[in-house]
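So the structure is just underneath, and the comments pick up after that.
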Amino acid sequence: MSDRRTLLKAAVPVGLAAITAACGPLDKARSLLTPDDREQVAVLADASLAPVFPAFKADFERANPHVLLSVSLLSSGAIMKTILGGKRFDAVLLAGDTFAVPLVDAGHIKIGTMRPIASNWLVIATAGSSTLELQTPQDLLHDTVRRIGVADWEQSSLGIYSRQALENLDMWEVLAAKRAKSKDERELTERLLGGKVDAALLYSSSGSTAEEVINSQAPVPEHSHRPIIYYAGTARETKYPITLSQFSNYLISQWGQRHFADAGYRMLNLR
């Protein structure tokens, strides 16, 4: 299909009562289950969601003691490749629709299950130890900024958005000699903190899991790139459609959205 709006249309809104984290009887029920007794749900998620997945996993498994979430964090491009290569999965959480549409077209994701769950935005970031002061993206042109980190603009959603922004700001070619490509957000963050680049284009949430301080120096104008929306989808061949529907509902519930906000993402207005 070619209509992205049809493929990535949000599912029917749901109530939140069934998603609340529980204790007492459910904790006791979990203690009676072995890992082999639980639903082994394989989730492939964009690596930029690393700050929130521990909370998601803890919440959802506490409320659903029969479920064990197995989460693999990769770039959205790597997720697409591994699924097209035959990897088994039950759910995907992708940054943007660039890599989601081919998976729907190839029949790996059930049509109608792709729904928006959160959004993000780009910032110009430096390491906490840096003395640079960058107030706008144009400050990257200064001679004091020698190397600028950008995620892979072919395989990484972060890199795709970064390139769109710099091109629309007429800075992509001008900064060609300064650009240093990293394969994904995780590697880019490591290079920034390790002093291999002076500044980097990162998500606003990127500093949430860094062991060292990352300074968000300046926002990148949001009109310079497509909206950064995260989508969740269900595998067409999953054995756990009911559980995954509940998980998707949890992500857009007040509890899931609160975790997104706490980690530096933007909640969606889903009402």
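Points to keep in mind about this one:
- For Val67, neighbours were defined as the other residues whose beta-carbon sits under 9 Å from its Cβ, and their charges (Lys and Arg +1, Asp and Glu -1) total -1.
- Arg258-Lys87 FRET efficiency (beta carbon distance; Förster radius 41 Å; 0.05 resolution): 0.85
- Overall form of segment 121-271 per C-alpha gyration tensor (a/c, 1.5; a/b vs b/c): prolate
- Long-range amide H partners of Ser182 with built H, under 5 Å: Val150, Ala151, Asp152
- Listed pairs Lys87/Lys196; Lys183/Lys239; Lys57/Lys239; Lys81/Lys178 exceeding 25 Å between Cα atoms: Lys87/Lys196; Lys183/Lys239; Lys81/Lys178
- With a simple spin-label model that places each label point 7 Å from the Cα along the Cα-to-Cβ direction, the separation between Leu141 and Met267 comes to 4.0 nm.
- Gain upon complete extension [Ser70, Glu167; 0.36 nm per residue less C-alpha separation]: 31.2 nm
- Close amide-amide hydrogen proximity is noted between Ser205 and Trp121, each under 5 Å apart and 5 or more residues distant or on a separate chain (H modeled in the peptide plane; Pro and chain starts excluded).
- Long-range HN-HN contacts of Arg266 with modeled amide H, under 5 Å: Ser119, Asn120
- Formal net charge of residues neighbouring Glu237 (Cβ-Cβ distance under 14 Å; K, R +1; D, E -1): +4
All of the numbers you see were taken from the coordinates with simple rules; none came from a lab. None of the values given here were measured: they were computed from a predicted structure. Every residue, glycine as well, gets a Cβ built from its backbone with ideal geometry; the counts of neighbours run over all protein chains shown.
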